[in-house]
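First the structure, in the form of structure tokens, and then the observations on it.
Each reported figure results from applying straightforward, stated rules to the coordinates on display, with no laboratory input. Fair warning: this is a prediction, and the values are worked out from it, not measured in the lab. Positions of Cβ are backbone-derived with ideal geometry, glycine not excepted, and every protein chain shown enters the neighbour counts.
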Amino acid sequence: MIRKIVTSLKQFRRTYEDQKLGRQLVGTDQHGNLYYQYYDQNGKPTKRMSERTDKMAPFVDPLWEEWIRHLKDKPYTEEERIELEKQQRAYKTKVNEYEQKDAEMMKQFKKSNKTWNANNK
């Protein structure tokens, strides 16, 4: 019961602060950081900022960084995030496969090179 009251008060305080500062919560990331769009008195968007949950952590999600720096008009949706993560995993898998093949080719090359050097002495 008390927890619900405290949560409600926190939400009310955040909403009041948002209105007072002329900002709107746009979203959060997996680390709990909050991302805001600020507006001027006429309702025109002015700036975008993040509020970090851990003030000492230097990390801001790169996908949100694109939005903050105005490289993207709208933040990524959850579906877009999931698709990008799938693409990254597939890319990492391909890189690992390539590195394994490359290591095997180098072993074969060194092996054949030793044989060739031994025959030509």
Mind listing whichever residues of segment 19-44 are outside any loop (DSSP other than H, G, I, E, B) and closer than 18 Å to Trp67 by Cβ? Arg23, Gln24, Leu25, Val26, Gly27, Thr28, Leu34, Tyr35, Tyr36, Gln37, Tyr38, Tyr39
Test: residue in segment 91-105 that is under 21 Å from the mean Cα position of the chain (by Cα), closer than 30 Å to Asp18 by Cβ and in a helix (DSSP H, G or I): no
For segment 60-72: of the residues being among the hydrophobic types (A, V, I, L, M, F, W, C) and in a helix (DSSP H, G or I), which is surrounded by the fewest Cβ atoms within 10 Å (Cβ to Cβ)? Leu63
Mind listing whichever residues of segment 43-59 are loosely packed, with under 10 Cβ neighbours inside 10 Å and more than 15 Å from Arg23 (Cβ to Cβ)? Lys55, Met56, Pro58
Which number in (1) touching a residue at least 24 places away in the same chain (Cβ under 8 Å); (2) out of contact with any helix residue (DSSP H, G or I) (no Cβ under 8 Å at 6 or more places or on another chain) marks the one condition that Pro75 misses? (2)
Pro75 vs (1) touching a strand residue (DSSP E or B) at 6+ places or on another chain (Cβ under 6 Å); (2) loosely packed, with under 15 Cβ neighbours inside 10 Å; (3) part of a loop (DSSP other than H, G, I, E, B): all pass except (2)
